[in-house]
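What follows is one structure encoded as structure tokens, with my remarks underneath.
The values are calculated or read from the model by the stated rules, or taken from the named source; none is laboratory data. Since we're looking at a predicted model, the values are computed, not measured. Here Cβ is always computed from backbone atoms with ideal geometry, including for glycine, and neighbour counts include all displayed protein chains. Just so you know, the surface numbers come from the protein's heavy atoms only, side chains and all, with ligands and any DNA or RNA stripped out. Shrake-Rupley method; radii C 1.70, N 1.55, O 1.52, S 1.80 Å.
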Amino acid sequence: MVVRVEGGGDHRRLVRRRNEGGSSSSSKLSSSRAQNAIALLPTYLLDARSVTKFHPVNAPNGALQLSVAENQLSELPVRGVTGVVEHGGADVESDGEEVTLVQVLSQLASSTVARPSDDTSSSSSLTFEKDMIYYQPTQGSPGLRSAMGGYLHDLLLSSSSSTTTSSSSTFNPENIILGAGCNAVLENLCMCLTEPGDAVMIPTPYYAAFEFDLVARAGCEIVSVNTLDYHDESPPSSSVDATNESDGKQRTTIPPSFYYPNKASLTHAYNLSMEQTSRPPRVLLLSHPNNPLGICYPPEVMAECIEWCRENEVHLISDEIYAGSVYRQKRGDGEDTFVSAMSLASSGNGGDEKEGGLGLGPYIHLVYALSKDFALSGLRVGVAYTENEEILMPMQKLNDLCQISSQTQLLVERMLSANVATAGGNDDTKFVDAYLTSNRHNIQTRCDKLQSCLSDVDIPYLPADSGLFVWMDFREFLPSLPDSITEEMESLPSKEQRERGLYLKLMKEYGLLFTPGMSMRNERPGFFRCVFTAASEEEFELGLERICKFVNEERGNGSGN
């Protein structure tokens, strides 16, 4: 089971496994480890699985799935792209129709053009080469690791405004490990950096499945880094503060800066870990761009975290799985919205200079995958990058258990290497660059519609700049607390119970299936993550109608009941 230990008034949590130390299950049909794995799943998933899902014919009143981080916008045509051209392949004769990602993958999967990394003079190959049926390098094929290194360089370094990144800095293919999804490479990375029972610190709110990914087999313990009380000012305690002309109430949400980790919040969580595990934490895991908040940490926040980790010999893992989905790429001051930890931590800022690498030193690591930016979660392509030489070989060996198939690796290598064809002819633009540009436009358009709807009905939200979601503040509609209990006095079970009541109302009465904030260890109840890309256009428009209906009816009846 999961154990959550409250640590004082801020309800900090320690998430760990039970039944460690060799204790056995009472069942002869399964082990305690099997039961513990189930116990780690977020409880809201059971509620979500029990409700009838929307279907335009069979269940028009069913719940709209707006809680799974998938991107149905990836099915739209890629703007301006009519095909792809492989290196050494023939020019594409276009009919002028824009193609979709699936059509491009279908073309590349059946390609007989020589693989991009082929160093022979051959101009063609079989769709499935004979060497692909045998064992492959456990860390990934050399061709795909090289192509992935070039892609990550373009994505994370080439447009960075950071002055610490040398123009010669590159992702060394020898330090890239490719595995079956981001969760697989993240788990392996933590297996190599921690002992069972060591703490991983994660700022709240965080992606709920981190608890399964890091606890189930790696045996880590998760310590929440709560941030709201570690800034110069206090965040608003309620979303309803003052008055306005519409209904006599002014609604505000917690500003993004209150969610930023800093040295004070990190040190507090470090000390909490020492109290509850009797040893220092080993890892700080940052989601950047952040899931579920839909925002990027500013460069100065990331730099502070990097500095703190190096000073305290804590490993920093930057999960940048949404790095290609930053659709508002400039801040109000004109600076880049997103700057990768790989840029900020590279040589010139405390790293060790190393030829053919970034000079990150042994404490800074990256995980990434194609599951979000390209919506290719079914292909299972995850990436870990580290310049810690002590863990490279162990990670490669652990990757025996989660390798990517040779056929998938060749397909992805072709995709990362292909150029685009347009109605005006072929050019040197990489297909992945054209796709990400098109996808960012589609995501921003959809996000703007949701935020406009929320503004129209006066629902506070965190203005999003990246990812697939908006963080919404529904505290106004929580069941009321007893008169004798203030928000500051409220217990963790009470917070979870009140939020679950609102979650079930949204889902069962209004057909809106969001991710509840307390399942992501948010400090305060009443916040929800809306994945606005998880629905078709028809479903999304229906979702906006249902949000408006919920707000109008609840305010008409009086919220907090």
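For the stretch 497-526, the set of residues classified as of a type in the set (Gly, Ala, Ser) and part of a loop (DSSP other than H, G, I, E, B) consists of GLY511, GLY526, listed by residue number.
One residue alone among TYR259, TYR270 is modelled with pLDDT of 95 or more, closer than 30 Å to LEU454 by Cβ and aromatic (Phe, Trp, Tyr), and that residue is TYR259.
This table checks each residue for (1) open to solvent by less than 50 Å² (accessible area, probe 1.4 Å); (2) assigned to a strand (DSSP E or B).
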site	(1), (2)
LEU366	yes, yes
ASP373	yes, no
ARG380	no, no
ALA384	yes, yes
LEU392	yes, no
GLN396	yes, no
LEU401	no, no
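Quick check on my filter: what residues within the stretch 195-231 are open to solvent by less than 10 Å² (accessible area, probe 1.4 Å), in contact with a Pro (Cβ under 9 Å, 6 or more places away or on another chain) and hydroxyl-bearing (Ser, Thr, Tyr)? Hits for the stretch 195-231 are TYR206, SER224, THR227.
Filtering the stretch 176-186 to residues that are open to solvent by less than 20 Å² (accessible area, probe 1.4 Å) and assigned to a helix (DSSP H, G or I) leaves CYS182, ALA184, VAL185, LEU186.
Where strands (runs of 3 or more DSSP E) fall wholly inside the stretch 413-496, the ranges with 1 or more residues that are out of contact with any Phe, Trp or Tyr (no Cβ under 6 Å at 6 or more places or on another chain) and open to solvent by 10 Å² or more (accessible area, probe 1.4 Å) are 419-422, 425-430. Pairing residues of the stretch 140-154 that are more than 10 Å from SER417 (Cβ to Cβ) with residues that are part of a helix (DSSP H, G or I), at Cβ distances under 6 Å and at least 6 apart in sequence or on separate chains, gives SER141/GLN409; ARG145/PRO173; GLY149/PRO173. For ASN419, the conditions (1) within 30 Å of SER146 (Cα to Cα); (2) within 20 Å of the chain's Cα centre (by Cα) are fulfilled apart from (2).
So that you can scan it fast, the table gives a plain yes or no per residue for (1) more than 20 Å from the chain's Cα centre (by Cα); (2) on the phi < 0 side of the Ramachandran plot; (3) touching a residue at least 12 places away in the same chain (Cβ under 8 Å):
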| position | (1), (2), (3) |
| --- | --- |
| GLY361 | yes, no, yes |
| HIS365 | no, yes, yes |
| TYR368 | no, yes, yes |
| LYS397 | yes, yes, yes |
| ASP428 | yes, yes, no |
| ALA434 | yes, yes, yes |
